[in-house]
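Encoded as structure tokens, the structure appears first; notes follow it.
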Amino acid sequence: MTAREVVAGARRLVVKVGSSSLTSVSGGLDVSRLDALVEAVAARVTAGTQVVLVSSGAIAAGLAPLGLARRPRDLASQQAAASVGQLHLTRAYADAFARHDRVVGQVLLTSHDVVRRAPYRNAQRTFERLLGLGVVPVVNENDTTATDEIRFGDNDRLAALVAHIVGADALVLLSDVEGVYDDDPRAPGASMLDEVHGVADLDRVRVAKPGAATVGTGGMASKLAAADLASGAGVPVLVAGASAAATALDGAEAGTVFAPTGPRLSARRFWLRHMAGSRGRLHLDDGAVRAVTSGPAAKRRSLLAAGITGSDGDFEAGDVVDLVGPHGETVARGVVAFDAEEMPELVGRKTRDLAPEHRREVVHADDLVPVRGGAEASPAAASR
Ligand SMILES: Nc1ncnc2c1ncn2[C@@H]1O[C@H](COP(=O)(O)OP(=O)(O)O)[C@@H](O)[C@H]1O
Ligand SMILES: N[C@@H](CCC(=O)OP(=O)(O)O)C(=O)O
């Protein structure tokens with residue numbers, strides 16, 4: 001099945017729409033564009049697809065009611081605008097979906113909600129129940145409390161994370177541009193890519209920096225990063241114009257499609273690799289690196305004390321730690337079975353030489369996921 005066919009036939013879909021497709025810098029929320037989007041989503045829901053809508057636009061929608069001419073620069077004013085704008089946004093969605101006999105539920109997430117396992121599972125359960133009840137969850141970052149340090153960054157990335165939280169078949173990123181172009185779409189001769197099969201296909205893409213007057217935050221660069229995140233973990237992605245939402249959601253005959261480049265990761269492994277906050281590091285020798293990273297998932301081995309050369313950090317049993325190779329590169333992440341203070345007794349010892357209470361895997365193979373490329377940035381550190 002091609003990636004477009006997967007998007008077209010998806011039973012569960014995450015659709016993300018950007019600020020620039022719902023609002024204007026001067027006029028706040030553009031209700032007619034929002035209505036058109038809702039009509040396209042509602043049609044897909046009626047056809048039997050469960051849709052989670054990730055919608056930006058809170059800050060932009062708050063500008064006009066607050067009499068602000070442009071997006072403020074300071075965080076407190078952005079948060080105030082988001083507080084006002086989110087209300088307008090949710091009301092507009094609730095009204096628009098009601099005209100199609102659909103109920104919406106609002107889900108506002110912070111990165112704290114996903115870096116720790118318990119709230120992550122709570123979010124997963126809530127989505128599951130909402131979808132089971134036939135509700136369309138409308139998701140945004142909880143901008144009113146997110147600080148620069150703990151932000152998801154942009155809603156393209158948030159949408160890729162949500163696609164894994166809900167186990168979506170595909171992700172659709174809708175924007176004010178019809179797809180991914182090889183150059184600034186306004187440049188003469190720029191042409192749209194039809195399909196992307198990995199980062200090498202993006203070598204010829206030049207991404208223009210967003211202008212100061214735009215209402216979006218991420219620009220095309222954040223869409224490409226999110227598409228790479230999702231497609232690398234097995235979820236196909238369609239980048240298309242919001243004005244073509246009906247076509248994109250009906251038959252996926254629009255925009256640029258990103259084919260999956262890696263095996264589908266379970267929600268748990270995706271969480272481990274991309275979301276969990278790391279509390280420390282275990283240093284591995286070469287043999288241990290090979291054991292935990294080589295071959296298909298089913299063949300990978302647990303991390304034993306004998307392959308560990310040291311540790312740092314203040315972790316407890318059950319926390320997530322980075323597994324680091326001899327050259328300091330992060331090769332995997334996993335849930336550690338011991339507290340940091342127990343590690344000195346374990347490091348470098350063969351299992352038979354360990355005290356009976358320590359004779360088990362330090363990181364079990366089921367709780368371990370290799371990190372692609374060996375050096376992905378760690379997500380925001382978890383706080384207790
Ligand atoms: N190579 C490119 N292909 C497509 N769009 C690009 C490219 N480089 C820059 N852009 C710009 O990215 C913008 C979309 O990003 P953004 O405004 O952040 O969208 P959104 O608000 O939907 O998240 C488009 O308006 C487009 O002008
Ligand atoms: N959470 C913010 C949006 C952040 C964001 O990523 O915006 P965009 O680039 O328009 O998708 C808001 O609702 O204003």
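Key figures
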quantity: Tilt relative to the chain, helix 31-46 - C-alpha long axis, 0 to 90 degrees, to 10; calculated: 60 degrees
quantity: Estimated [θ] at 222 nm from DSSP helical runs (n ≥ 4, -39500 (n - 2.57)) normalised by residues in the chain, nearest 500; calculated: -9500 deg cm²/dmol
quantity: Label-point separation, Thr46 to Glu128 (7 Å along Cα→Cβ), nm; calculated: 3.1 nm
quantity: FRET efficiency, 1/(1 + (r/R0)^6) with R0 41 Å, evaluated for Arg264 and Ser24 via beta carbons; calculated: 0.60
quantity: Under-5 Å amide H pairs with Asp184, H placed in peptide plane, nonlocal only; calculated: Ala208
quantity: On Cα atoms only, tilt of 75-98 relative to the major axis of the chain in degrees; calculated: 70 degrees
quantity: Ser191, Ser32 arranged by Cβ crowding within 10 Å, fewest neighbours leading; calculated: Ser32, Ser191
quantity: DSSP bridge pairs, the chain: antiparallel proportion in percent, nearest 5; calculated: 40 percent
quantity: Interchain or long-range residues, amide H under 5 Å from Asp319's placed H; calculated: Val336
quantity: Candidate lysines - alpha carbon under 25 Å from Lys223, same-chain residues fewer than 8 apart omitted; calculated: Lys16, Lys209
quantity: Prolate/oblate/rounded label for the range 18-137 (Cα gyration tensor, a/c 1.5); calculated: oblate
quantity: Net dipole in debye of the chain [+1 Lys, Arg Cβ; -1 Asp, Glu Cβ; about Cα centre; nearest 20]; calculated: 620 debye
quantity: Per-selection Rg to Rh, the range 3-268 - Cα, Kirkwood hydrodynamic radius; calculated: 0.94
quantity: Reachable aspartates and glutamates from Lys350, criterion Cα separation under 13 angstrom, eight or more residues apart if same chain; calculated: Glu361
quantity: Label point distance in nm, Asp312-Glu195, each placed 7 Å from Cα along Cα→Cβ; calculated: 4.6 nm
quantity: Rounded Å value of the spacing that divides the Cα centres of the range 1-69 and the range 314-354; calculated: 44 Å
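Here, each number is a calculation from the coordinates, and none is a lab measurement. What you see is a predicted model; the values in this text were computed from it and never measured. Every residue, glycine among them, receives a Cβ derived from its backbone with ideal geometry; neighbour counts consider all protein chains shown.
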